[in-house]
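Please read the structure below before turning to the comments.
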Amino acid sequence: ILPDTPGRRTDVWQDIVVENMGEGAYILDADNVLRYVDFRLSDLDADAAEWLGRPVSHLATMGVLSESAVDRIETAADRVRAGEIDNSRLELTSPIVEGDRTLELRLTAADSDPNLVVGTTREITDRKREEQKRREIIGRVTDAVVEVDADWAFTLVNDQAESLYGRSESELLGQDFW
C-alpha cells in the first residue's frame, strides 16, 4: 500500500499502478467470486462492472474459457487459499477470438486477507508460438543441442542430445549440466 501524499489518496496510486502494468488483474474471494477485475484482454468486450460479483465459472458461461480451464483456476485458487502452495502459475487456452490464445495466470494469496486470492493475466500467445518455432528448428538440427539456465540446469534438450547423454529430455530437464 502506498502512503497518502498531499493531493493523492492511496487508492488513486493503486489505480495508476493497475492501469499501467499491462497485465489483467483480479481478486477472487473464498467462493471464487470476482471482487475486482481488470482483465486487460482487448477482445473481451465487457465492462468490469458486468463481471464483478460473478463466480469465476462465469468465464466458461461466456465462452471466454473452457469449463476445465475454470476448474483449474478454482482448484489453484483453493490450494493457494488453503496454504498448500504459495502461488500458482497456469497456462490456459482461450478461444475468445479467431484461433486459440494462450493466457498465463498467476495466483497468490492476498497479504491483507487469507480468504482472497490476487491474480494477474497476461496473453502469451506470441511467445508460445515463438517457443514452438524455436523448438522445431532445434529439433531439425543434426547436432546435439542443449540449453541451460543461469544455474546450469538443463532447460532444453534435443533428440540428438538425448542420444548423446543416453537419457530422455524429461530426465535431464532441471538437472545440473555438470
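Observations, loosely collected:
- Residue match in region 104-121 (condition: in a loop (DSSP other than H, G, I, E, B) and surrounded by fewer than 12 Cβ atoms within 10 Å (Cβ to Cβ)): yes
- Every residue from region 122-140 that is over 30 Å from Arg35 (Cβ atoms) and either open to solvent by 50 Å² or more (accessible area, probe 1.4 Å) or touching a Gly at 6+ places or on another chain (Cβ under 8 Å) (or both): Asp126, Arg129, Glu130, Glu131, Gln132, Lys133, Arg134, Arg135, Glu136, Ile137, Arg140
- In region 132-147, the residues that are of a type in the set (Val, Ile, Thr) and free of Cβ contacts under 8 Å to residues at least 24 places away in the same chain: Ile137, Ile138, Val141, Thr142, Val145
- Residue check, Arg89 closer than 22 Å to Gly63 by Cα, outside any helix (DSSP H, G or I) and either open to solvent by 60 Å² or more (accessible area, probe 1.4 Å) or in contact with a strand residue (DSSP E or B) (Cβ under 9 Å, 6 or more places away or on another chain) (or both): yes
- Residues located in region 153-178, provided they are surrounded by 11 or more Cβ atoms within 10 Å (Cβ to Cβ) and on the phi > 0 side of the Ramachandran plot: Gly174
The values are calculated or read from the model by the stated rules, or taken from the named source; none is laboratory data. Since the structure is predicted, the reported quantities are computational estimates derived from the model, not experimental observations. Positions of Cβ are backbone-derived with ideal geometry, glycine not excepted, and every protein chain shown enters the neighbour counts. Keep in mind that these areas ignore ligands, DNA and RNA; they rest on the heavy atoms of the full protein, side chains included. Shrake-Rupley method; radii C 1.70, N 1.55, O 1.52, S 1.80 Å.
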